[in-house]
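Data first, discussion second: the structure below is written as structure tokens.
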Protein chains: 2
Amino acid sequence: MGSQSIYTKENLLDSNEFRKKAHMMVDFIADYYENIEKYPVLSQVAPGYLKNVLPKSAPYCPEPIESILKDVQEHIVPGLTHWQSPNFFAYFPANSSIAGFLGEMLATGFNVVGFNWVSSPAASELESIVIDWLGQMLVLPKSFLFSGGGGGVIHGSSCEAILCTLLTARDLVLNTIGSDSIGKLVVYCSDQTHSAFQKASQIAGIHSRNFRAIKTTRSTSFALSPHLLRSTICSDIEDGLIPLYLCATVGTTSTAAVDPLGSLCNVTKDYGMWVHVDAAYAGSACICPEFHHFIDGVEGANSFSFNPHKLLFTMLDCCCLWVKDSNALIKSLSTSPEYLRNKATDSKQVVDYKDWQISLSRRFRAMKLWIVLRSYGVEKLRNVLRSNVALAKLFEELVATDNKFEIVAPRKFSLVCFRISPSAISKAKSSIIFNSKSETNKSYINEINNKLLESINSSGGLYMTPTVVEGVFVLRCAIGATLTQEAHVRMAWNVIKKHADVILNMHV
Amino acid sequence: MGSQSIYTKENLLDSNEFRKKAHMMVDFIADYYENIEKYPVLSQVAPGYLKNVLPKSAPYCPEPIESILKDVQEHIVPGLTHWQSPNFFAYFPANSSIAGFLGEMLATGFNVVGFNWVSSPAASELESIVIDWLGQMLVLPKSFLFSGGGGGVIHGSSCEAILCTLLTARDLVLNTIGSDSIGKLVVYCSDQTHSAFQKASQIAGIHSRNFRAIKTTRSTSFALSPHLLRSTICSDIEDGLIPLYLCATVGTTSTAAVDPLGSLCNVTKDYGMWVHVDAAYAGSACICPEFHHFIDGVEGANSFSFNPHKLLFTMLDCCCLWVKDSNALIKSLSTSPEYLRNKATDSKQVVDYKDWQISLSRRFRAMKLWIVLRSYGVEKLRNVLRSNVALAKLFEELVATDNKFEIVAPRKFSLVCFRISPSAISKAKSSIIFNSKSETNKSYINEINNKLLESINSSGGLYMTPTVVEGVFVLRCAIGATLTQEAHVRMAWNVIKKHADVILNMHV
């Protein structure tokens, strides 16, 4: 600090320096996008690679941004799995866009902490507005919208949306029967439901013996059976338990299966249960009229969530949750310490989003969703989603017409689930008797497909991730990265075929 | 889509357009910082202002970024409470910096979803590295660092850190005594502990009758008494209950009070309880050797968290949590669905951060923390934190030497808690007999101070928020916004004095 006053703070937000360095960073990122296809999609580094190249402690003195960016390029980029690569077909996409990026920049620039209305009215109000916009785009029943007496919130993830609604349902029931009965509450889902629900149940104190993951089958496309749901519920009631909550899914993670919302809600309404619809992945597609039927029956549910950060260009993180009974949600999640009391809250004229989520602090996520919706408009967003589906259909046809492969689950959106077919493996292995239904051979078929996937992913040319359904190891090709075009899908198919040929020849 | 192939997707991540628009946004944000003092710090809009000026639904066709930015300037900025204003003294700061902004840009640009190691190795590894760097800067016991057998994670908020550690403690005990005993678990804190802890307890299914907020007093600077803690625990044990978890605080939200960690841990160790130290606000200051003594005794705790997003320039959101027993944390929070299985995880050589937090998806928050630590270095960060404290000391002296005011709680960091003194009100109200200890007059004194605060905040010149401790309404002046310099603090004091004069004259 030298001869300066002890009060003199160095300005870490000088606008000239901000301009200079932020412009530099814009170009760094644009260059990254231009070069993204040059990197292996799946990072090829070994565990612990980074601690061998970075210092053991933070520097005492400042380092120039140029040195830092050099390290980013040399040490960080090789350790990234490139989610924005057009050859990224793993998990589900988390797709970027210019509008989403601009929205993140602006929200970061303002850096307001909108836990309640007064702490930044625009952040709360814009969130309520875009939540209604998006609800209309999905043609959600009016009862889910602020304009119809419901309401919504932007969470960071579906995990949070599921947890918050489960807590709401739990507290509604426990407030009636008493907290000591928590051990009687039972929650339901299918064996295809995202693991987030199991985690939410554990967190909420639902006893693990009361977690019902109802079996689905390939023959019914891995959809939850209303019949099985009812018989499971009845059996629980006979045992003196209390059915609490159903987590239904539109677009499961393994195969994008769709649970039949209408029939399921017909069951649950007889037992006064809370139904949450997790459409994390497939919700985006449902803004297209031709896909809307997948959420038919949502009017019987209590809450609905999906992730614009998957396919709707908002960058991570952005999960929209709508509930019919926002008062119950707020009752479960609100706190009112003295240091947050204010007139606006007391007036009950405003939305304080701290009472709609787990955490107090919250980023201004509505900004990017608003900029995305305005920059692209409903029509363009629908068209891009349609192109993703068309590309997936193309890929599905390529797979289906090659008798070395088979489609494992019917494609509904832009995810294709496939594998090398048992018959191709049997044929390649013709020297021995091959019964694809024997356990040994089932496991051999899985092993071959696992080797195929590892071989493809270690090539760096594309990245897919697997799942296992009904004991079948499946390759998932999730199409929808922003930069993915027809050529990338065709290239992916060629790489897959080439690796399969090698594997099949190796294993005869 | 016209005559184009149905496969042709519009490129929403074109690098030329990205460059052009992101450069435009950099300048928009830099201009915002340059003009930030022109806006009222606390937004002066009325509830519902925004829905009156925005359309009722999302546009069908794209809108140009210029129109969107025009709306941001005209309709969003007036609705913001300007957390980055140098005249923002409310809550605790969430301070921005150029390095933090660059880090957010880069993380947003990469937009990787690092839920496990393989999904982006650099994201997980950089997080473990910077967590150790920061732990060293705090001189945390080695047992909290990865290099010493512990470990840490970056959460979005302290609420999440508290919840995750509470769940860990809960499950450790319930795994031994059985889940049906959840109603016997008791948790402890002081009446000054952040409301996040009460919310976390509700979420975790701790019975509300088993939540102990132990009373503190002004005479002991609102610190939790180890003596009272022990007697409360003993009484609970006599009642057949099980002491589970203590949430101790270093720098409470109301007055930045510090709980005596060493003495508290001496109590809890006799009962095998989990101790979490929430240093959300004051943790940053503890990187300065002269403030480190406030976390003396942390070696007896099980976990420690603080928010670099408050005073350490990382932008919202960034909360660092360290735990000694990371295996217990992981056991409570892990899931392993088929669609996330991979060789790296199976090898147990890597950190999968999905098992250290509530949600699966996670942003690459380590990037900004790394860039902040490198861009500024330890020395400069300490010096800026010291300047904040020096400015708070200056403000405290200005208040203390004016007999119209009084300091309500001793200042330890950069928060000053004060009010118009009862004697000044008594003097102004000399026409009647005034006993500042009568309940009527206590409430009158609070009312006067509340009016003072409202009058100041509605002027737009600065923004402070209140608290109430021991029935006393307190004005909190939280110094530490990045742009705050000596002149802003002196100006704030002049505005406060001017408004107080008006109020005191009005109320005689």
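Being out of contact with any Ser or Thr (no Cβ under 9 Å at 6 or more places or on another chain) and either of a type outside the set (Asp, Glu) or on the phi < 0 side of the Ramachandran plot (or both) narrows it down to one residue among A:298, A:277; which is it?
A:298
Sort through A:429, A:442, A:437, A:368 and tell me the only one that's touching a Gly at 6+ places or on another chain (Cβ under 8 Å), of a type outside the set (Asp, Glu) and at pLDDT below 95.
Just one listed residue meets the conditions, A:442.
Residue B:220 versus (1) at the interface with chain A (Cβ under 10 Å from one of its Cβ atoms); (2) hydroxyl-bearing (Ser, Thr, Tyr); (3) out of contact with any Asp or Glu (no Cβ under 9 Å at 6 or more places or on another chain): which is the lone unmet condition?
Result: residue B:220 fails condition (1) only.
Residue by residue through region A:135-158, note down the ones that are at the interface with chain B (Cβ under 7 Å from one of its Cβ atoms), out of contact with any Gly (no Cβ under 8 Å at 6 or more places or on another chain) and either without any contact (Cβ under 8 Å) to a residue 40 or more places away in the chain or buried (at least 22 other Cβ atoms within 10 Å of the Cβ) (or both).
If the condition is that a residue be at the interface with chain B (Cβ under 7 Å from one of its Cβ atoms), out of contact with any Gly (no Cβ under 8 Å at 6 or more places or on another chain) and either without any contact (Cβ under 8 Å) to a residue 40 or more places away in the chain or buried (at least 22 other Cβ atoms within 10 Å of the Cβ) (or both), then A:136, A:157 are the ones that fit.
When residue B:166 is evaluated against the numbered criteria (1) of a type in the set (A, V, I, L, M); (2) at the interface with chain A (Cβ under 9 Å from one of its Cβ atoms); (3) crowded, with 24+ Cβ neighbours inside 10 Å; (4) assigned to a helix (DSSP H, G or I), which criterion, by number, is the only one it fails?
For residue B:166, the exception is condition (2).
Would you call residue A:161 in contact (Cβ under 8 Å) with a residue 24 or more places away in the chain, on the phi < 0 side of the Ramachandran plot and assigned to a strand (DSSP E or B)?
no
Scan region B:171-186 and tell me whether some residue there is closer than 25 Å to residue B:407 by Cβ, buried (at least 19 other Cβ atoms within 10 Å of the Cβ) and in contact with a strand residue (DSSP E or B) (Cβ under 9 Å, 6 or more places away or on another chain).
No, because not a single residue in region B:171-186 is closer than 25 Å to residue B:407 by Cβ, buried (at least 19 other Cβ atoms within 10 Å of the Cβ) and in contact with a strand residue (DSSP E or B) (Cβ under 9 Å, 6 or more places away or on another chain).
Which members of region B:34-61 meet the condition of being at the interface with chain A (Cβ under 7 Å from one of its Cβ atoms) and in contact (Cβ under 8 Å) with a residue 60 or more places away in the chain?
None - no residue of region B:34-61 is at the interface with chain A (Cβ under 7 Å from one of its Cβ atoms) and in contact (Cβ under 8 Å) with a residue 60 or more places away in the chain, so the list stays empty.
Residues are listed down the side, and each one gets a yes or a no for (1) hydrophobic (A, V, I, L, M, F, W, C); (2) buried (at least 20 other Cβ atoms within 10 Å of the Cβ); (3) part of a helix (DSSP H, G or I); (4) outside the structural domain of residue A:325 (by TED's automatic domain parsing):
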{"residue": "A:213", "(1), (2), (3), (4)": "yes, no, no, no"}
{"residue": "A:219", "(1), (2), (3), (4)": "no, no, yes, no"}
{"residue": "A:255", "(1), (2), (3), (4)": "no, yes, no, no"}
{"residue": "A:264", "(1), (2), (3), (4)": "yes, yes, yes, no"}
{"residue": "A:269", "(1), (2), (3), (4)": "no, no, yes, no"}
{"residue": "A:281", "(1), (2), (3), (4)": "no, yes, no, no"}
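Using beta carbons and a limit of 8 Å, which pairs, at least six apart or on different chains, have the first residue in region B:373-389 and polar (S, T, N, Q) and the second one surrounded by fewer than 24 Cβ atoms within 10 Å (Cβ to Cβ) and assigned to a helix (DSSP H, G or I)?
Short answer, once both residue conditions are applied: B:375/A:65; B:375/A:68.
Just one of (1) at the interface with chain B (Cβ under 10 Å from one of its Cβ atoms); (2) buried (at least 18 other Cβ atoms within 10 Å of the Cβ); (3) at pLDDT 95 or above trips up residue A:340, so point out which.
Of the numbered conditions (1) at the interface with chain B (Cβ under 10 Å from one of its Cβ atoms); (2) buried (at least 18 other Cβ atoms within 10 Å of the Cβ); (3) at pLDDT 95 or above, the odd one out for residue A:340 is (3).
Residue B:21 - would you say it is farther than 19 Å from residue A:111 by Cα, at the interface with chain A (Cβ under 7 Å from one of its Cβ atoms) and modelled with pLDDT under 95?
no
Looking at this structure, is residue B:98 touching a Leu at 6+ places or on another chain (Cβ under 9 Å), facing chain A (nearest Cβ under 7 Å) and over 18 Å from residue A:368 (Cα atoms)?
Considered against the rule, which asks whether it is touching a Leu at 6+ places or on another chain (Cβ under 9 Å), facing chain A (nearest Cβ under 7 Å) and over 18 Å from residue A:368 (Cα atoms), residue B:98 comes out as yes.
For residue B:292, only one of the following conditions fails: (1) touching a residue at least 40 places away in the same chain (Cβ under 8 Å); (2) within 25 Å of residue B:415 (Cα to Cα); (3) surrounded by 23 or more Cβ atoms within 10 Å (Cβ to Cβ). What is its number?
The failed condition is (3).
The values are calculated or read from the model by the stated rules, or taken from the named source; none is laboratory data. All figures in this text were calculated on a predicted structure; none of them were measured in a lab. Using ideal geometry, Cβ is built from the backbone for each residue, glycine included, and neighbour counts are taken over all protein chains shown.
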